[in-house]
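Q: Supplied in structure tokens, the structure appears directly below.
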Amino acid sequence: MAERILNIKINDKNYKVKEGTTILSACKQAGITIPTLCYLEDVAKDAYCSICVVEVKGAKSLVRSCIAVITEGMEITTDTDAIYETRKMNLELILANHPLDCMT
């Protein structure tokens, strides 16, 4: 059976990706960097940190790009103020609950 190719938009540009691709991987293929902390390809895909969030048209909230799989016609935005503020808040929450002896 042939691989299915899906049409998507990332930051208003059209791309084609293989079915089963995550948003994080599709963005990486498009040359778009999305920050991650807990993601390690082929090792850890727990999505605990929520640093890799992006906007997906029609989604009720921001989406964790490391585990969200592309669907046909998906429209993704990676660089809004809401995304940056959410990433910042998530990192602050991680640091607030983290032993600070590594900071010295």
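The values are calculated or read from the model by the stated rules, or taken from the named source; none is laboratory data. Here the structure is a predicted model, which means the values were calculated and not measured. So basically every Cβ, Gly included, is an ideal-geometry build from the backbone, and we count neighbours across all protein chains shown. SASA here: full protein model, heavy atoms, side chains in, ligands and nucleic acids out. Shrake-Rupley method; radii C 1.70, N 1.55, O 1.52, S 1.80 Å.
Q: Can you give me the long-range amide H partners of ALA59? Hydrogens built in the peptide plane at 1.01 Å from N, cutoff under 5 Å, separation of 5 or more residues or another chain.
A: Long-range HN contacts for ALA59: none found.
Q: Counting pairs of alpha carbon atoms under 8 Å apart in space and at least six apart in sequence, what relative contact order in percent does the chain give?
A: Once normalised by length, the contact order is 29 percent.
Q: Please give the solvent-accessible surface of LYS13 in Å², to the nearest 10, using a probe radius of 1.4 Å with every protein chain present.
A: Roughly 130 Å² of LYS13 is accessible to a 1.4 Å probe.
Q: Separate question: Taking the Cα centre of the chain as origin, work out the dipole magnitude from +1 charges on Lys and Arg Cβ and -1 charges on Asp and Glu Cβ, in debye rounded to 20.
A: That gives the chain a dipole magnitude of about 280 debye.
Q: If I model a spin label at LYS60 and ILE94 as a point 7 Å from the Cα along the Cα→Cβ vector, what separation in nanometres do I get?
A: For the pair LYS60/ILE94, the computed spacing is 2.6 nm.
Q: Taking amide H positions as placed 1.01 Å from N in the peptide plane, with prolines and chain starts having none, which residues 5 or more places from MET74, or on another chain, fall under 5 Å of its amide H?
A: LYS9
Q: A further question on this structure: Over the chain, how many pairs of lysines fall under 17 Å by alpha carbon, counting only those 8 or more apart in sequence or from different chains?
A: Number of lysine pairs found: 8.
Q: With θ taken as phi - 60° and the coefficients 6.51, -1.76 and 1.60, list the Karplus ³J(HN,Hα) couplings across the stretch 70-78 in order, rounded to whole Hz; mark glycine and proline as x.
A: 4, 10, 4, x, 4, 10, 10, 10, 10
Q: Give me the tail of P(r) for the chain as a percent: Cα-Cα pairs with distance above 20 Å.
A: The share of Cα pairs beyond 20 Å in the chain comes to 41 percent.
Q: Considering only protein heavy atoms, what is the solvent-accessible area of TYR84 at a probe of 1.4 Å, reported in Å² to the nearest 10?
A: Ignoring ligands and nucleic acids, TYR84 comes out at about 110 Å².
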